[in-house]
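To keep things clear, I will list the structure first and then write my remarks on it.
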């Protein structure tokens, strides 16, 4: 069985090459998705993201990627902003509709500490899944000013300055992580391996 991981390139990703490098280190064959037809050539998808919710949705629309993503039934992993745009709506530079894969809002982190939240932090798994398995107390690298506010699809929480926020989610074939696996050393590579191996016997 072929197992090609498609990395959605929509102009705002920024860290696309470090994600590709990490996926290859985890044993994946990769394809950078630059046009809508590329979605048919892959078995799983990674949706990266660095930047703002509003710009991300605009870029995806301009690139003709909204429809293939709306019709997608393959496993997909949203990373950082890529996880946030899986939500219903974001409130960064106004109000922007997301993909509504998960019933959630993306709002500014309101904490009595420095924002963005940057650096390594541990996850607290509340509902385990196949990509987090074995990483229940692992540390991952975060860099974000906004958070997903969601109560139904939470896999893990993370605490920053006394505030707990959603650090990973799952609903059916949709996975999302607020942290950056590609910057999270061995734990990040293991998570990507787990994602690559989804569905393998």
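Tabulated values for the structure
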| item | result |
| --- | --- |
| Enumeration of residues in segment 32-44 that are outside any loop (DSSP other than H, G, I, E, B) and either out of contact with any strand residue (DSSP E or B) (no Cβ under 7 Å at 6 or more places or on another chain) or under 13 Å from residue 16 (Cβ atoms) (or both) | 32, 33, 36, 37, 40 |
| Residue match in segment 130-142 (condition: crowded, with 17+ Cβ neighbours inside 10 Å, touching a strand residue (DSSP E or B) at 6+ places or on another chain (Cβ under 6 Å) and within 23 Å of residue 92 (Cβ to Cβ)) | yes |
| Unique residue being in contact (Cβ under 8 Å) with a residue 24 or more places away in the chain and closer than 14 Å to residue 9 by Cα when the list is 90, 98, 94, 78 | 78 |
| Some residue of segment 135-156 being outside any strand (DSSP E or B) and either touching a helix residue (DSSP H, G or I) at 6+ places or on another chain (Cβ under 7 Å) or at positive phi (or both) | yes |
| Matching option when the condition is over 13 Å from the mean Cα position of the chain (by Cα), assigned to a loop (DSSP other than H, G, I, E, B) and modelled with pLDDT of 90 or more, among 11, 27, 6 | 27 |
| From the options 167, 156, 145, 184, residue that is without any contact (Cβ under 8 Å) to a residue 40 or more places away in the chain, crowded, with 22+ Cβ neighbours inside 10 Å and either within 17 Å of the chain's Cα centre (by Cα) or farther than 28 Å from residue 54 by Cα (or both) | 156 |
| Any hit, segment 51-70, residues being crowded, with 16+ Cβ neighbours inside 10 Å, part of a strand (DSSP E or B) and touching a strand residue (DSSP E or B) at 6+ places or on another chain (Cβ under 6 Å) | no |
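The values are calculated or read from the model by the stated rules, or taken from the named source; none is laboratory data. As the structure is a prediction and not an experimental result, all values here were calculated from the model. Counting neighbours? That spans all protein chains shown, and the Cβs are built from the backbone with ideal geometry, glycine included.
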